[in-house]
Each structure stands twice: as structure tokens, then as C-alpha cells.
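Asks: What follows is a structure written as C-alpha cells; I'll ask about it next.
The values are calculated or read from the model by the stated rules, or taken from the named source; none is laboratory data. Small disclaimer: the values here were computed from a predicted structure and weren't measured. Note that each Cβ is placed from the backbone with ideal geometry, even for glycine, and that neighbours are counted across all protein chains shown.
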Amino acid sequence: MDFETYLWICGISVTAMAGYWIWRLRQWNSYRDNTGRKRTAEYMPGRSIASPVEGAVFSLDEEGGLGAVIDPVQGRIYAPVSGRIIRVYPTGNAFLLRTKDRMDILIGVGRSHDEMHSRYYLSRVLQGEIVEKGQLLLVFDREGLQAEGADTEVYVRVESEDAGDAMDLTNRSRVCVGEELLQIRHQPVNA
């Protein structure tokens with residue numbers, strides 16, 4: 001095979017791969033409902049977020065943010081929704097997950113971002129990875145963190161809510177993994 005033929009084959013291969021990935025990104029970004037219409041906040045139904053751990057549930061009291069805090073009974077965190085991990089925090093105790101309808105959800109353990117505590121966290125996913133609801137994201141040592149005096153509460157916070165979004169927290173005092181924790185519903189803003 002001569003050099004020109006080799007370059008021609010390489011060019012076609014690169015073009016085909018680039019075309020495939022552009023097509024996949026367009027599919028990801030244009031999530032459509034079963035009627036074929038692109039989903040927008042104006043008519044998007046309520047979005048459900050499952051509990052990533054089993055434990056006692058509390059409302060998140062932070063600057064009016066949408067979310068919940070769970071006191072876990074075990075040291076495993078599962079994906080509350082399907083989506084893409086867009087950020088893994090350096091200490092390993094938190095993830096930012098983006099759903100297909102562009103809702104960003106922050107999931108983490110404790111409030112401490114001390115690098116000394118990073119040895120207690122074992123991430124089971126990588127940044128950029130696509131995860132399914134219920135997939136194991138993180139294993140952490142609750143007893144080790146508690147012995148160090150660190151907080152072990154798991155928080156789930158919606159980071160990219162619209163101005164008109166409202167949250168309904170489950171009315172249960174305890175939840176199991178995969179049970180509905182939050183319901184985010186869109187409330188149109190009256191002009």
C-alpha cells in the first residue's frame with residue numbers, strides 16, 4: 001500500500017468517527033419526549049430524583065436551594081437518576097451529575113473538603129462516564145469518617161433549577177435506595 005492510499009484511508013476513518021460522535025452528542029442534547037417534541041421547561045412534567053442511600057431524610061437548608069440531606073445507614077452511594085458524571089470533586093466525596101434534560105444534581109458526603117479525609121472515599125465512576133439510575137457511584141468508610149469527627153450525611157442538591165422550579169420532598173422520614181426522594185416541578189413564571 002502506498003502512502004497516499006494510507007492517508008486516504010486514515011482520513012475516511014477519522015471523518016467517520018467524528019461524524020459518529022457529533023451524532024451522539026446531538027442525540028444527547030436533544031432529548032425528546034414520546035410525541036417527538038423537544039422537551040422544554042414550559043411543558044416538562046415533574047422530574048423525580050431517587051434516594052442515593054438508605055437513611056433518615058431532612059430538608060436541605062441552604063440559601064433556598066432545592067435538595068435534601070440523608071443520614072445514611074451504610075457507606076454506599078448509588079445514582080439517583082440516569083445521566084452523565086460531569087464532575088468528580090478532587091477529594092472524592094462529591095459528584096455533579098447531569099441528566100438528559102440538562103438538570104445538574106450535586107451528590108456528596110459531608111461538608112468537609114479536607115484532603116486528609118480523601119482516603120475514606122472510593123469512587124466507582126470517572127468524570128464523563130454515563131451512569132444508569134441505581135449504579136454504584138461511591139463507597140465510603142462511615143466509621144472512619146465518624147472517628148475523625150467528619151460529617152457523614154449525604155446531600156442531594158439540584159444545581160441548575162429554573163427560576164420557576166419548586167421542590168417537593170418525600171413525606172417519609174426514612175427512605176431506601178431508589179425510592180423517590182425529591183420531585184422537581186416547573187411552575188411557569190407569570191410576566
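Asks: Can you name the residue in the stretch 153-191 that is among the charged types (D, E, K, R) and within 14 Å of S48 (Cα to Cα) and, of all such residues, is modelled with the lowest pLDDT? Quick ask: steps written out before the conclusion?
Replies: We begin by selecting, within the stretch 153-191, every residue among the charged types (D, E, K, R); these are 153, 157, 159, 161-162, 165, 168, 172, 174, 179-180, 185.
So of that shortlist, the ones also within 14 Å of S48 (Cα to Cα) come out as 157, 161, 165, 168, 179-180, 185.
On the way: R157: 90, E161: 59, D165: 67, D168: 81, E179: 93, E180: 92, R185: 75.
Across the stretch 153-191, the extreme among qualifying residues is E161.
Asks: Need at least 1 residues that are more than 13 Å from the chain's Cα centre (by Cα) per element, so show me which strands (runs of 3 or more DSSP E) inside the stretch 74-113 make the cut, counting only ones lying wholly within it.
Replies: Values: elements: 76-78, 83-88, 94-98, 104-109.
Result: 76-78, 104-109.
Asks: On to the next question. For the stretch 119-152, name all the residues that are of a type in the set (A, V, I, L, M), at pLDDT below 90 and within 20 Å of A56 (Cβ to Cβ).
Replies: Scanning the stretch 119-152 gives L145, A150.
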